[in-house]
1. Would a scan of region 23-44 turn up a residue that is under 27 Å from D426 (Cα atoms), open to solvent by 30 Å² or more (accessible area, probe 1.4 Å), touching a residue at least 60 places away in the same chain (Cβ under 8 Å) and in contact with a His (Cβ under 9 Å, 6 or more places away or on another chain)?
2. Quick check on my filter: what residues within region 220-244 are touching a Leu at 6+ places or on another chain (Cβ under 9 Å) and in contact (Cβ under 8 Å) with a residue 60 or more places away in the chain?
3. Could you list, in sequence order, the residues of region 105-124 that are surrounded by 14 or more Cβ atoms within 10 Å (Cβ to Cβ) and either modelled with pLDDT under 85 or under 13 Å from A91 (Cα atoms) (or both)?
4. Mind listing just one residue for me: the one in region 258-292 that is under 16 Å from the mean Cα position of the chain (by Cα) and part of a loop (DSSP other than H, G, I, E, B) and, of those, surrounded by the most Cβ atoms within 10 Å (Cβ to Cβ)?
5. Filter region 211-234 down to the residues that are surrounded by 15 or more Cβ atoms within 10 Å (Cβ to Cβ) and over 13 Å from H279 (Cβ atoms) and list them by number.
6. Within region 1-54, take every residue that is charged (D, E, K, R) and assigned to a loop (DSSP other than H, G, I, E, B) and give me the one that is modelled with the lowest pLDDT.
7. Of everything in region 409-431, what is within 20 Å of T315 (Cα to Cα) and of a type outside the set (F, W, Y)? Give them in sequence order.
8. Consider F211 carefully, then state whether it is in contact with a Ser or Thr (Cβ under 8 Å, 6 or more places away or on another chain), modelled with pLDDT under 90 and farther than 23 Å from S370 by Cα.
Amino acid sequence: MQHAPNKPCPRARLFWLGVIQLHWIAAVGVLWVMPRGFPVGHRHWWANEIFPWVVIGYAVLTTLAERFGRWRWMVALLLASPIALIGAATAGLAIFPISSRWASLAGVAMAAVALIGVRREFRPWWPSRRVLMAYLILPIAFGAAMPWTQQSEMAQTHPAGGAVSNTTTFPIDESPPTQSISRNIRISPSSGQVVANFGPHSVQLSPILTFESLSPDRCWTNLATKACRIAPHRRMFLMAPGEFSYFDSGESNLQFHAIGDDGVDLDVTTTIAQPIYSHLNAFTEATLFGHRKLSLIFSPAPDKPIDVQYSEYPTGRPERMAYMDAAGLFHVVEATSGEKGPFHELAAGPLKRGEPLTITLLDEGKPFASMTLADFSSQASTQLSPTAGWGLPVNSIEFSLFDDYPRSAASIYISLATTSVGRGWDSVGHAAGVYKNRMVLRAAGIEESSTNNTNLHE
């Protein structure tokens, strides 16, 4: 008669304890890398600040059980990890039926291999069925909670309103040439990009709401298939005097007219029939050329010019950005490294919902142009960013030089809701509805009164 051994095989114990050590190493990595600063109870507070400590505690308990020869406890703890993985895979497939399909199958396969391996190596110390049922409820619940913490919250942008269009459209196949709408302002019909020349300075402005890096089910966008992740290519379907229309993720209409030779009034309407969840998108994007030393003044903090500097990615020299919080305050901040927090405030001032936001462009301290956005504050989402942390919302205005010298081209990237700041590929939503982007781009010295009859001031 063969008797059960007094203790498991040392080689098996060392192998599985090595696997357990990978758990706490991964947990420490999450604590080190992922953003913090979320309110207690927030889903990312659980995922980034609490769950890693649970995993570390689990690894410590398993190691202690092996050290003191509590073999049944050790085996039960070894089983907790693959059981939690099965819970995560099952919940992931239910919450993210498209994005997590292959990841969930891979998780179940890994868990099955682990369970078979533990069963083979530690059969004499296998817990009873009653113990397993009672003991493994917690790992299943823990695993099932993980996908929930990574699901994007429901879209909280504020569309301006209006009827949702369901127009049948037909694209214009040819690419019309760039049009001059005044001596110093040109517009590209195929893309809707505006190019304005103000002496030695040039501003390339893209005022149409643009999505990229999408999620079909509110999951991380890097888990979506290529067909679901990449937004449709923009196509023009209407070209008329002073007006262009396009369709891509939605339908957009761009109306424009010149303000003398050195300004342009834009009125963009974008219709989204269904909520769109994305990692990256732009409400407005501007590229600036011809400056010697560029700085910006934001109208909520008119006495605080902010230098535009070069930033690095994913870490290194910090990026500067601005945002509007839920209390109606506008902040200009600087990251700690790359676009990662904590964030240090450079300027602040009031910006209530519905108030226009003006960004004045300065070169060597002298204004040369300004952009006034009538609809940013009224439509921006102020829900907390899952990737930025530290209290930052998902709306953002990121600005930086392209290269490490003052005369390098610069970009201003404005979004109502994005997760481009911070770590991760979480998606964030734009609610269905009609979005407006009424804005004026003009050279310095053109009085606002000259635009009183434009759409911006209606």
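The values are calculated or read from the model by the stated rules, or taken from the named source; none is laboratory data. Treat the numbers as computed from the prediction; the structure is a model and nothing was measured. All Cβ positions, even for glycine, are placed from backbone atoms using ideal geometry, and neighbour counts span all protein chains on display. All accessible areas refer to the heavy atoms of the entire protein, side chains included, with ligands and DNA or RNA removed. Shrake-Rupley method; radii C 1.70, N 1.55, O 1.52, S 1.80 Å.
1. yes
2. T221, A224, C228
3. G107, V108
4. F283
5. The answer is D217, R234.
6. Checked region 1-54; the qualifying residue modelled with the lowest pLDDT is K7.
7. Answer for region 409-431, where residues must be within 20 Å of T315 (Cα to Cα) and of a type outside the set (F, W, Y): A410, S411, I412, T418, T419, S420, V421, G422, R423, G424, D426.
8. For F211, the condition - in contact with a Ser or Thr (Cβ under 8 Å, 6 or more places away or on another chain), modelled with pLDDT under 90 and farther than 23 Å from S370 by Cα - is not met.
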